[in-house]
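Below is one structure, written out as structure tokens; comments come after it.
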Amino acid sequence: NAITIPHTSTSPVMGTDFGHVPDAIEPVVEIYQGCRYTTEHAGAPDPRQTRDSDPYGGKAQAAGYIWNALSKGHRYGFIASSDHLATHNSYTCVWAEDFSTKAIHAALAKRQCYAATDAIQCRMHMGPHPMGSEFTAEEVPPLEVDVVGTTDIERVDVIRDNRIVFVREPKEPTRRVSFRFEDVRVEPGVHYYYARVIQTDRNIAWISPIWVTVGEKTR
């Protein structure tokens, strides 16, 4: 009845290479830390104006990037956290049944959560399957995303298997973006989808992936 979370995964001193399949008690990973930077992938969008601009940034070792973990088949949800000197810039946002320790723990265990650097509200699902889910289907259902930002939203990226496959950029300034994305070019196999929200003030949210095992269509 515990949850463990990989922390500062790209650190050359404290990091990891995701060389082992995570245990059931390790459902989520820290994709952003307020005292350092994003560990999503090399060159990823980062809320900080200048990466590694202070002693808490430091160097990064590539094996610790989250894309490395996902490409190895590890199924992680995303959280953000602070450290000793960072406050109000890194949030773990959880969709729980109620505001209780038990419900929050259960939601984290199911990866029904997302990481954010501000109080950004995010929803994402494929049919009845919310963020963090894994299921099997003959074809990928439409991905539905709904975001309410704390300021105007610059864009929302949809990432499939570590590649951006869709970008929604509002034509007019708005704090709310809602859309459906239907992926019609998917080969049989396991695929994962997640969304990254970027506001005009550089604040970001990362919505935990959904995994779909796509089978051969019945003829």
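Every read-out reported here was derived from the displayed coordinates using simple, explicitly stated rules and does not represent laboratory data. Keep in mind it's a predicted model, so treat the numbers as computed, not measured. Here the Cβ positions follow ideal geometry from the backbone for every residue, glycine too, while neighbour counts run over all protein chains shown.
Numbers below:
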| quantity | calculated |
| --- | --- |
| Highest to lowest packing among 181-190, 30-39, 60-69, scored as the average C-beta count within 10 Å | 30-39, 60-69, 181-190 |
| 22 Å tail of the calculated P(r), the stretch 1-138, as % of Cα pairs | 39 |
| FRET efficiency estimate (nearest 0.05) - Cβ-Cβ, VAL190 to ARG123, R0 35 angstrom | 0.90 |
| Over the chain: helical MRE at 222 nm, DSSP H runs n ≥ 4 each giving -39500 (n - 2.57), nearest 500 | -2000 deg cm²/dmol |
| Two-decimal log10 I(q)/I(0) for the stretch 51-200, as the Debye equation yields it once each C-alpha is a single scatterer, q = 0.14, 0.17, 0.18 Å⁻¹ | -0.81, -1.18, -1.30 |
| Calculated over the stretch 141-219: convex hull of Cα atoms, volume per residue (Å³) | 89 |
| Derived scalar couplings ³J(HN,Hα) [the stretch 22-39; Karplus, 6.51 cos²θ - 1.76 cosθ + 1.60; whole Hz; x for Gly, Pro] | x, 6, 4, 7, 10, x, 10, 9, 7, 9, 8, 10, x, 8, 9, 6, 6, 10 |
| Residues in the stretch 139-176 reached by a label modelled at THR200 [backbone nitrogen below 19 Å; 7 Å Cα→Cβ] | 147-157, 168-176 |
| Under 27 Å between alpha carbons - lysine pairs in the chain that sit 8 or more apart or on different chains | 4 |
| Under-5 Å amide H pairs with ASP183, H placed in peptide plane, nonlocal only | LEU143 |
